Amino acid sequence: MALPRRAFLLGGHVTPFLGKKHPDFIWKGHPDFGTRDNPTLEETITAAVRGALEATGVAAADVDRIWIGNFVGELFSNQGHLGAAVVGAHPDLLHKPALRVEGACASGGLAFASALDAVAAGADVCLVVGAEVQTTASARQGGDYLARASHYARQRPLDDFTFPALFAQRAREVYGRTETTEDDTARVSVKAYANAHRNPLAHMQAVPLSFEDARRAGDHNPAFLGNEALRPYLKVSDCSQVSDGGAALVVVSEAGLARMGLTPADAIEVVGLGVATGNLYADGDPLALDTTAVAAARAYAQAGLSAADVGVAEVHDCFAVTEILMYEALGFAPRGQGAHLVREGRTAIEGDLPVNTGGGLIGFGHPVGATGVKQLVELVRQLRGEAGDYQVGHAPTVALAANMGGDDKTAVVSLLRAGG
Ligand code: CAA
């Protein structure tokens, strides 16, 4: 069943994703230390909003409804109430209905899903924002904050770095019980860093990662978990980054397009959306992302498409093993066979199904509330041939985004089509 009202993306904006090891990230050894600071949450939201309005040519006064995805602004930035923060980004947004959506690392995807609901209900021009600033805390303190996306009472004691530990558990099962090896997850990370090197917005744009370094733990790539039973299954290079950043995009109805003097051919159509939620208090199958698979099935059914139609994808690679499990949950490969895609180079920029072309969460970075929105802006750029040095060459017409919160607890899968 198609969307109740047609919905289109006009495009958007992504701020640079900043954090440790990015050349512009201010830390005590940086030459600019003491003369300037890293952008705050307020500045990040403002930059994303203003950038999206400018990129799409939409006047702030024309926006009907606003959503922002953010996970834990209260903890990293002592700031909640972020609907009002978006309104503060532009004087002409004053008194617009604006609200914040939270679904852990899928907050951005859920903000987008909320905007689609509003279009279905009659809204014509929606602004969707995602933002997170995380470098205000150490990675270890951030591990505690991010653990709020797990079942904290039960899972927090696993490790100071709770989410890395949760996915080390999955990696242990995947390495032990399927064909996927540590070399395969190393290939995922090497692909992510290599793509990030072509992306001027990426957190890891200047950080080299060789296959030799990625495939085994060492001084440059420590196995860092305190939990000794899980430590062998995860290295720093397997992990998404602790990044600051924002993204925003504009979603419109057909009437919204007409209001701007545009036609469907000028925009990217949203043809399918699947949202699914798992039980926070129960562990799923460690070898599968079952919630994501349900969201994907719903999105494909709505679009009347299958995995074979997808020409480019953004998937939630919070850890390298997650990307391989995503390939399987999204139907790109049969269960247990996802590693073949990365082994054969099929998900490289030059492959037939490029995945995470700007570097993904591992290379581009992962400011958690921004990620789901950034994925969609990335896909619009790929479908329009505007992805610069990491543009794919085969002119895809269908794109898929998969954004995940927690350990496969909230999943948002979106399908986009170019060409009206
Ligand atoms: N040898 C041994 N141990 C070392 C080491 C070495 N050479 N170098 C570092 N370490 C250890 C230390 O214990 C260090 O911790 P302390 O400094 O506190 O002692 C730890 O490794 C981390 O080192 P750094 O702080 O120097 O590393 P970093 O700042 O570069 O961070 C990272 C690396 C810990 C992997 C960090 O990037 C990280 O936490 N990434 C994951 C972020 C995350 O979990 N995001 C959420 C994903 S889950 C999701 O998307 C769903 C959801 O809803 C949450």
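Enter the accessible area of residue 151 (Å², nearest 10), with the probe set to 1.4 Å and all protein chains included.
Accessible area, nearest 10 Å²: 40 Å².
What pairs in 20/96; 374/409; 20/235; 28/374 have C-alpha atoms more than 26 Å from each other?
As for pairs spanning more than 26 Å Cα to Cα, those are 20/96; 28/374.
Which percent of the accessible area of the chain is formed by carbon and sulfur heavy atoms (probe 1.4 angstrom)?
52 percent
Can you give the accessible area of residue 145, probe radius 1.4 Å, in Å² rounded to 10?
40 Å²
Between residue 181 and residue 54, 0.36 nm times their residue separation minus their Cα-Cα distance comes to what?
Taking residue 181 through residue 54 to full extension adds about 41.2 nm, to one decimal.
Protein chains only, probe 1.4 Å: how do 77, 414 rank by accessible area, largest first?
I get 77, 414, largest accessible area first.
To the nearest 10 square angstrom, what accessible area does residue 27 show with a 1.4 Å probe?
140 Å²
With every protein chain left in place, what is the accessible area per residue of the stretch 351-396 in square angstrom, probe 1.4 Å?
For the stretch 351-396, the solvent-accessible area averages 21 Å² per residue.
Please arrange 82, 110 by accessible surface area, largest first, computed with a 1.4 Å probe and ligands excluded.
110, 82
Compute the signed sum of charges (Lys and Arg +1, Asp and Glu -1) over the other residues within less than 14 Å, Cβ to Cβ, of residue 73.
-4
Along its principal axes, what span do the Cα atoms of the chain show, with the longest given first and each in whole Å?
Its Cα atoms span 58, 51, 42 Å along the three principal axes.
Hey, can you grab everything whose amide H is under 5 Å from the amide H of residue 11? Only 5+ residues off in sequence or another chain; H modelled, so Pro and N-termini drop out.
250
When the scattering of the stretch 255-328 is computed by the Debye formula from its Cα atoms alone, each counted once and equally, what is log10 I(q)/I(0) at q = 0.14, 0.17 Å⁻¹?
So the normalised log intensities work out to -0.61, -0.79.
Can you list residues whose amide H is under 5 Å from residue 68's amide H, if they're 5+ apart or on another chain and H is modeled 1.01 Å from N?
Hits under the 5 Å cutoff: 99, 100, 101, 129.
Just reorder 260, 1 by solvent-accessible area, largest first, 1.4 Å probe, all chains present.
Sorted descending by solvent-accessible area, the residues read 1, 260.
Report Rg (one decimal) and Dmax (nearest whole number) for the stretch 337-379, counting Cα atoms only, units Å.
So, for the stretch 337-379, Rg and Dmax equal 11.6, 32 Å respectively.
The values are calculated or read from the model by the stated rules, or taken from the named source; none is laboratory data. No experiment lies behind these values; they were computed from the predicted model shown. All Cβ positions, glycine included, derive from the backbone under ideal geometry; neighbour counts span all protein chains shown. In case anyone asks, the SASA skips ligands and DNA or RNA and just uses the protein heavy atoms, side chains included. Shrake-Rupley method; radii C 1.70, N 1.55, O 1.52, S 1.80 Å.
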